[in-house]
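Heads up: the structure comes next, in structure tokens.
The values are calculated or read from the model by the stated rules, or taken from the named source; none is laboratory data. Fair warning: this is a prediction, and the values are worked out from it, not measured in the lab. Note that we place each Cβ from the backbone using ideal geometry, even for glycine, and neighbour counts take in every protein chain shown.
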Amino acid sequence: MPYVMIDVSDGVAQITLNDPGKRNAINQAMNDELVAALDELEPDPAVGALVVTGAGKGFCAGADLDDLLAAKTTGIARIYEGFLRVAHSPLATVAAVNGAAVGAGMNMVLACDIVLAGRRHARFDSRFLQIGLHPGGGHTWRLRQVTDRTTAMAMVVFGEVLSADEARHAGLAYQAVDDDGLLERAHELAARAAAQPKELVARTKATILSLDEIADSAAAVDHELHPQLWSMDQPAFTDLVRRLQSQITSDSSTE
């Protein structure tokens, strides 16, 4: 059985983690399929955004323990390959969290650009310390990037599990959505990004992700200057300018 299912429509690739009997726990085969899927989807001109969700009742129950233990000797970074491939993708990414996201499953959530949480069933559970394990894969850094220090401490050190609405209030989720409309809303948002020029989205995403390096107004202006100049030479902008100029000329001639 494939551990990753892919469906493409309206410029959006839906990636479904597909091991529902284990609540989509991440094993190495799933990681390998995720990496292969992104390698195929990213250069595809028909794909401009990703939605990541889980099959069945869970989003992702963390790392498969057998594979996690094996990774200790084969290289612990191997167990992180799947979600890091998502995290480093230039495509716009939406996590549609349909159930529990636990441990490494939280890493998959944090790998995405925005998070939608199913109001009834989504749960966000760090759980590393509760199984005697230090967080890994950049878990604490990514969590701290999207929420405050107190929430990160509460989730990681004190074992707080957040509901969809709590995750939204904490900044971890963008929206809490009725479960029946979760994927529809995820596709709606993803399709908006997919409708924009692919390279423009990638460059804009890279600009936003590197904003923590900016310390003052002058640096902020310079940070956006070169990508904005690049965009002014691209068809999406130049064609719009020509249409507007043509419309102005036409309107003037009829007066």
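Some values worked out for this structure:
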quantity	calculated
Failed item in (1) closer than 24 Å to GLY105 by Cα; (2) touching a Lys or Arg at 6+ places or on another chain (Cβ under 9 Å), with ALA190 passing the rest	(2)
Only listed residue being closer than 30 Å to HIS134 by Cβ, β-branched (Val, Ile, Thr) and assigned by TED's automatic domain parsing to the domain that holds GLY136, chosen from VAL8, VAL35	VAL35
Number of the condition not met by PHE83 [criteria: (1) in contact with a strand residue (DSSP E or B) (Cβ under 9 Å, 6 or more places away or on another chain); (2) surrounded by fewer than 24 Cβ atoms within 10 Å (Cβ to Cβ); (3) under 29 Å from ALA195 (Cα atoms)]	(2)
So ILE26, is it touching a helix residue (DSSP H, G or I) at 6+ places or on another chain (Cβ under 9 Å), under 27 Å from VAL161 (Cβ atoms) and either outside the structural domain of GLY118 (by TED's automatic domain parsing) or surrounded by fewer than 18 Cβ atoms within 10 Å (Cβ to Cβ) (or both)	no
Helices (runs of 4 or more DSSP H) (entirely within the stretch 1-101) containing at least 2 residues that are hydroxyl-bearing (Ser, Thr, Tyr)	65-74
Residue list for the stretch 199-218, restricted to those being surrounded by 12 or more Cβ atoms within 10 Å (Cβ to Cβ) and without any contact (Cβ under 8 Å) to a residue 12 or more places away in the chain	LEU209, ILE214
Cβ-Cβ under 6 Å pairs, at least 6 apart or on other chains, the stretch 26-44 side closer than 15 Å to THR93 by Cα, far side small (Gly, Ala, Ser) and not in a helix (DSSP H, G or I)	LEU38/SER89; LEU41/ALA13
Answer residue from the stretch 1-23, given it is out of contact with any strand residue (DSSP E or B) (no Cβ under 9 Å at 6 or more places or on another chain) and over 19 Å from GLU184 (Cα atoms) and is surrounded by the fewest Cβ atoms within 10 Å (Cβ to Cβ) among those	MET1
Identity of the residue in the stretch 123-180, polar (S, T, N, Q) and in a loop (DSSP other than H, G, I, E, B), that ends up surrounded by the fewest Cβ atoms within 10 Å (Cβ to Cβ)	THR147
Search result, residues across the stretch 183-193 that are touching a Leu at 6+ places or on another chain (Cβ under 7 Å) and either over 21 Å from VAL47 (Cβ atoms) or surrounded by fewer than 20 Cβ atoms within 10 Å (Cβ to Cβ) (or both)	ARG185
